[in-house]
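Let me give you the structure first, and then I'll get to my questions.
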Amino acid sequence: MFFLKPFLSSKSHTQQPSLSPNSEVESASNWRIAWGKLDAIDQHTTAWREGKIAIICSSPQTQIILSPSKQFVVVGDIWLSNRLELLEKRGIPASNWQGCDRQLIARLWERWGVACLPLLAGMFCFAIWDRESQILRLVRDRAGARTLYYTNAGATRWIAPQLRAIAPYRSSELDLVALRDYLCCSFVPGDRTLWQQVRELRPGSILSFPDGTISAYWELREQVVEAAQSLAWHGARLRSLLDEIIREYFPANQPVGVFLSGGLDSSCIAALAAKLHDRTVHTYSIHFGADTPNELEFSSLVARHCNTEHHILEITFRDMWEKLPETMAYLDDPIGDPLTVPNLLLGKLARESVGVVLNGEGGDPCFGGPKNQPMLINSLYNSVTNLDALPAYLMSFKKCAADLAHLLKPEILAAVKTEPSVFTADLNASGNYLNRLMVLNIKFKGADQILTKVNNLTQAAGLHGRSPLFDPRIVDLSMTVPPEYKLSGVVEKAVLKQAVANLLPAEILDRPKSGMMVPVQLGFKKFWQRESRNLLLSKKAAIAPYFQREQIDRWLDYQGDTWGRYGVKLWLLASLEIWLQNNK
């Protein structure tokens with residue numbers, strides 16, 4: 001059971017807001033595509049069938065769009081934030097446009113083809129079927145806000161925005177390299193999924209059939225400009241772009257919500273929303289009870305400063321454990337971040353008063369958050385730490401990278417020990433070291449954990465979740481800012497602080513980064529002992545074929561970890577076990 005404690009407002013919200021056509025909440029994606037041999041596919045279940053392609057969706061009249069010439073068929077999940085700019089480029093008066101974003105993509109593609117993709121900003125994954133050339137192209141947005149999965153073996157290839165939509169057609173065998181990487185990161189990075197023969201299209205990429213080639217229409221790279229300009233100059237440039245993007249992210253004529261932790265990133269989004277939106281701004285914060293530390297002092301300060309309608313949700317230890325199965329059911333690949341359950345519960349609260357909710361995700365990856373500091377220190381003192389770049393990077397996640405030899409069964413460890421890491425190429429690339437770390441965090445942690453987690457779970461709550469600081473235009477701009485204006489010594493995200501300096505109180509601008517601390521350590525020690533033992537140590541557990549029971553047993557007794565991070569590791573394992581149970 002959890003409790004809603006309204007703060008600064010006693011207003012009750014029982015009626016969900018209606019939404020304008022261009023800001024509608026996207027329902028769970030409900031389409032999939034078969035490519036190749038179609039003999040076994042029931043023709044009565046297909047919404048479009050032609051040549052080697054069959055499109056299956058629940059509402060073809062709204063999901064499948066034909067271009068004006070009828071050469072191109074479009075299906076997908078598309079929200080374009082720069083819609084007005086795109087209409088202008090296409091020569092369509094905005095006042096005359098009554099179509100959806102899929103229809104706009106169809107017109108852009110008919111005019112420019114693949115060349116239109118770098119123009120798009122927003123969140124999308126879609127398929128374009130060229131009826132003339134018989135080529136199927138699959139596209140994912142630049143930041144990775146939407147996902148797209150496909151099988152890579154067999155006479156029939158299956159494609160869908162959600163992995164569970166192609167569950168009947170995939171292998172039931174785990175990808176052991178993906179399992180290893182999950183243990184190191186708490187998410188599966190790169191194009192692998194936890195299932196063999198299923199891959200995830202990378203952000204900014206196109207997959208084409210029949211040849212199966214993958215090409216990038218956008219690549220994230222360092223491109224510092226105006227290095228001699230001041231911090232104030234770069235901050236003003238960032239602020240101008242933030243104002244433009246935040247306005248695009250608002251729902252038309254509706255209130256908007258903001259997930260507010262009290263840190264710099266979410267606070268700056270709340271402040272910008274309060275300044276620029278012409279409707280009510282609702283903010284939402286969480287805590288875990290009176291006996292645990294929280295950041296309500298700071299989130300409440302921001303809410304008062306910005307005059308938002310603030311809502312505080314208490315999440316109990318019982319909530320955390322009981323809601324974990326539901327939460328894992330909404331995730332395509334497992335994510336072992338303890339914030340998954342709070343994200344879902346806070347989304348359900350927000351849906352009582354808004355249809356669109358913004359968040360501050362992206363500030364750390366794009367503007368040099370403090371989690372880069374251990375890697376910078378290692379690069380300076382690796383003769384002392386004795387760690388190469390890859391082990392140091394994996395250790396920086398503070399998960400199970402150092403425990404694999406004791407956690408994995410010997411035959412599993414032998415199968416993955418020498419398999420290359422998806423992070424190696426970017427770690428060894430040229431350019432400024434901080435920017436290389438930021439590229440890694442944006443490409444992998446951003447796309448494969450942060451955005452996937454937030455967007456899947458807000459959609460599950462019936463919300464449209466939007467992450468302005470992960471907008472591709474913000475990401476691109478971050479790579480043009482000199483590194484010393486991002487993270488320099490103990491000063492973190494200096495350019496972002498400069499950009500919003502006139503919007504936030506000094507207590508927020510000057511406070512050190514602390515992060516949202518979910519008390520899983522206390523949870524396992526005091527509340528979840530019996531349940532977690534039954535879950536993780538059962539001989540019938542889904543993880544039993546892969547892990548050494550003795551190591552898990554030691555962690556449950558709070559033994560065998562030099563750094564004492566038992567709670568984080570056990571939560572990661574519990575999330576994996578429940579996810580496997582849901583999916584097997």
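The values are calculated or read from the model by the stated rules, or taken from the named source; none is laboratory data. If you're wondering where the values come from, they're calculated on a predicted model, not measured in any experiment. Glycine also receives a Cβ, built like all others from the backbone with ideal geometry; neighbour counts cover every protein chain displayed. For accessibility, only protein heavy atoms count, side chains too; no ligands or nucleic acids. Shrake-Rupley method; radii C 1.70, N 1.55, O 1.52, S 1.80 Å.
Hey, any hits in the stretch 359-371 for a residue that's among the polar types (S, T, N, Q), open to solvent by less than 20 Å² (accessible area, probe 1.4 Å) and out of contact with any Pro (no Cβ under 9 Å at 6 or more places or on another chain)?
Checking the stretch 359-371: not a single residue is among the polar types (S, T, N, Q), open to solvent by less than 20 Å² (accessible area, probe 1.4 Å) and out of contact with any Pro (no Cβ under 9 Å at 6 or more places or on another chain).
So which residues in the stretch 190-211 are of a type outside the set (D, E, K, R), in contact (Cβ under 8 Å) with a residue 60 or more places away in the chain and open to solvent by less than 60 Å² (accessible area, probe 1.4 Å)?
Gly190, Thr193, Leu194, Leu201, Pro203, Gly204, Ser205, Ile206, Leu207, Ser208, Phe209 - these are the residues of the stretch 190-211 that are of a type outside the set (D, E, K, R), in contact (Cβ under 8 Å) with a residue 60 or more places away in the chain and open to solvent by less than 60 Å² (accessible area, probe 1.4 Å).
Looking only at the stretch 327-365, which residues are touching a helix residue (DSSP H, G or I) at 6+ places or on another chain (Cβ under 7 Å), over 28 Å from Gln197 (Cβ atoms) and part of a helix (DSSP H, G or I)?
Within the stretch 327-365, Val341, Asn343, Leu344, Leu345, Gly347, Gly363, Asp364, Pro365 meet the criteria.
Restricting attention to the stretch 414-423, which residues are open to solvent by 30 Å² or more (accessible area, probe 1.4 Å) and more than 16 Å from Lys445 (Cβ to Cβ)?
Once the filter is applied, which keeps residues that are open to solvent by 30 Å² or more (accessible area, probe 1.4 Å) and more than 16 Å from Lys445 (Cβ to Cβ), the stretch 414-423 yields Ala414, Ala415, Lys417, Thr418, Glu419, Pro420.
Filter the strands (runs of 3 or more DSSP E) completely within the stretch 1-69 down to those with at least 1 residues that are at pLDDT below 50, under 30 Å from the mean Cα position of the chain (by Cα) and surrounded by 11 or more Cβ atoms within 10 Å (Cβ to Cβ).
Hits in the stretch 1-69: 3-7.
Pairs under 9 Å by beta carbon, first residue over 16 Å from Trp528 (Cα atoms) in the stretch 562-580, partner acidic (Asp, Glu) and open to solvent by 10 Å² or more (accessible area, probe 1.4 Å), six or more apart or different chains?
Trp579/Asp333
Show the residue pairs that are 6+ apart or on different chains and have beta-carbon atoms under 8 Å apart, the first residue being within the stretch 213-230 and within 21 Å of Leu440 (Cβ to Cβ), the second being in a loop (DSSP other than H, G, I, E, B) and of a type in the set (S, T, N, Q).
Filtered contacts from the stretch 213-230: Glu222/Asn432; Gln223/Thr480; Val224/Asn432; Val224/Thr480.
Quickly run through the stretch 462-512 and pick out the residues that are open to solvent by less than 20 Å² (accessible area, probe 1.4 Å), under 20 Å from Val357 (Cα atoms) and either among the charged types (D, E, K, R) or part of a strand (DSSP E or B) (or both).
Result: His464, Gly465, Arg466, Asp471.
Do we find a residue being assigned to a helix (DSSP H, G or I), among the hydrophobic types (A, V, I, L, M, F, W, C) and surrounded by fewer than 16 Cβ atoms within 10 Å (Cβ to Cβ) anywhere in the stretch 87-95?
Yes, the stretch 87-95 contains a residue that is assigned to a helix (DSSP H, G or I), among the hydrophobic types (A, V, I, L, M, F, W, C) and surrounded by fewer than 16 Cβ atoms within 10 Å (Cβ to Cβ).
For the stretch 119-134, does any single residue satisfy the condition of being surrounded by fewer than 17 Cβ atoms within 10 Å (Cβ to Cβ), within 28 Å of Val475 (Cβ to Cβ) and at pLDDT 95 or above?
yes
Out of (1) free of Cβ contacts under 8 Å to residues at least 60 places away in the same chain; (2) under 30 Å from Ala303 (Cα atoms); (3) of a type outside the set (Lys, Arg), what's the single condition that is false for Leu536?
Only one criterion is unmet by Leu536, namely (2).
Looking only at the stretch 544-577, count every residue that is among the β-branched types (Val, Ile, Thr) and surrounded by fewer than 20 Cβ atoms within 10 Å (Cβ to Cβ) and tell me the total.
Total meeting the criteria: 1.
Still on this structure, I have one more. Confirm whether Val439 is in contact (Cβ under 8 Å) with a residue 24 or more places away in the chain, open to solvent by less than 40 Å² (accessible area, probe 1.4 Å) and outside any loop (DSSP other than H, G, I, E, B).
Against the criterion (in contact (Cβ under 8 Å) with a residue 24 or more places away in the chain, open to solvent by less than 40 Å² (accessible area, probe 1.4 Å) and outside any loop (DSSP other than H, G, I, E, B)), Val439 qualifies.
Please pick out the residue among Arg318, Arg279, Arg304 that is closer than 20 Å to Leu344 by Cα and surrounded by fewer than 18 Cβ atoms within 10 Å (Cβ to Cβ).
Residue meeting the stated conditions: Arg318.
State all residues of the stretch 137-187 that are among the aliphatic types (A, V, I, L, M), touching a Cys at 6+ places or on another chain (Cβ under 6 Å) and either open to solvent by 10 Å² or more (accessible area, probe 1.4 Å) or assigned to a loop (DSSP other than H, G, I, E, B) (or both); if no residue qualifies, say none.
Listed by number, the list holds a single entry, Leu148.
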